[in-house]
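The values are calculated or read from the model by the stated rules, or taken from the named source; none is laboratory data. What you see is a predicted model, and the numbers here were worked out from it, not measured in a lab. Cβ atoms come from the backbone with ideal geometry, glycine included; neighbour counts cover every protein chain shown. Keep in mind that these areas ignore ligands, DNA and RNA; they rest on the heavy atoms of the full protein, side chains included. Shrake-Rupley method; radii C 1.70, N 1.55, O 1.52, S 1.80 Å.
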Amino acid sequence: MKQRSTRRQAAALIGGALVGAVIGVALARASDGAAGRLMPMPASLLLALFVYLLCILIHEIGHLAAGALAGFRPLLLIAGPLRLERSNGRTAASLNRSVSLAGGLAICTPVGVHDLRRRTMVMAAGGPLASLVFGVQCLAIWMAVSQAIAGGPGAASAVSVMLLFGGVVSLGIGMLTLLPMRAGGFYSDGARILRLMRQDEETEREVALMALTGL
């Protein structure tokens, strides 16, 4: 059963990456023929995949940044093939070999147990907020420069399209992770925030477990 769930997660991740890459290439081809002539299809796919993974990285960094502001110590960040793990005061980079975690993961441990429920909600909201802000910024820059570089060199057109693609993907990640749902044993950010807002025994146990982990 667990193996089947891992396969579904891997299929969803790979499918999402491929769909995102295809959308990025389609935007590039439709936006400006010069970009398509300058960048062949394999290069366009790789660039779109890079932007997709960058959007995931921004989301997870948002969790760590919000966690740091709320008094959490960062332990682990995974985004695609990148794995950053902090141990004994040192941060080590390595290759993420777990396909089921390639969609992004950020883990922090609380420093102290004061106001832990609210602090955890801040950490959980950091990822979607970072995605939404990054998406809006990408689209704002795209709107500002798209007219100026219309009909320009293929490289400029490719940058414009990737800004559009990154903005759409990042906004999509931000809104999707705010939806209250559960997949593969993980709660979405929106579901976790709602759980922490509830005043019930299950939530109290979860908060107590985080406190014990921090201690």
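In summary, L45 fulfils each of the numbered conditions (1) surrounded by 21 or more Cβ atoms within 10 Å (Cβ to Cβ); (2) in a helix (DSSP H, G or I); (3) modelled with pLDDT of 65 or more with the single exception of condition (1).
Looking at S131, is it buried (at least 18 other Cβ atoms within 10 Å of the Cβ), among the hydroxyl-bearing types (S, T, Y), on the phi < 0 side of the Ramachandran plot and modelled with pLDDT under 90?
Values: buried (at least 18 other Cβ atoms within 10 Å of the Cβ): yes; among the hydroxyl-bearing types (S, T, Y): yes; on the phi < 0 side of the Ramachandran plot: yes; modelled with pLDDT under 90: no.
No, not satisfied.
Quick one: is V136 under 23 Å from V51 (Cβ atoms), part of a helix (DSSP H, G or I), out of contact with any Lys or Arg (no Cβ under 6 Å at 6 or more places or on another chain) and free of Cβ contacts under 8 Å to residues at least 24 places away in the same chain? Taking the combined requirement at face value, the residue does not satisfy it.
Answer with yes or no whether A106 is within 28 Å of G71 (Cα to Cα) and touching a strand residue (DSSP E or B) at 6+ places or on another chain (Cβ under 7 Å).
Values: within 28 Å of G71 (Cα to Cα): yes; touching a strand residue (DSSP E or B) at 6+ places or on another chain (Cβ under 7 Å): yes.
When the stated conditions are applied, A106 passes them.
Count of segment 167-194 residues, restricted to those that are in a helix (DSSP H, G or I) and surrounded by 18 or more Cβ atoms within 10 Å (Cβ to Cβ), is 14.
Out of all the residues in segment 195-215, which are of a type in the set (A, V, I, L, M), open to solvent by 30 Å² or more (accessible area, probe 1.4 Å) and in contact with a Lys or Arg (Cβ under 9 Å, 6 or more places away or on another chain)? Show your work before the answer.
Restricting attention to segment 195-215, the residues satisfying the condition of being of a type in the set (A, V, I, L, M) are 196-197, 207-212, 215.
Filter once more, so that each one left must be open to solvent by 30 Å² or more (accessible area, probe 1.4 Å): 197, 208-209, 212, 215.
Within segment 195-215, just M197 meets the criteria.
Within segment 104-116, the set of residues being within 14 Å of D189 (Cα to Cα) and open to solvent by 40 Å² or more (accessible area, probe 1.4 Å) comprises just one member, I107. Scanning segment 83-103 for residues that are hydrophobic (A, V, I, L, M, F, W, C), surrounded by 15 or more Cβ atoms within 10 Å (Cβ to Cβ) and modelled with pLDDT of 90 or more yields one hit, L84.
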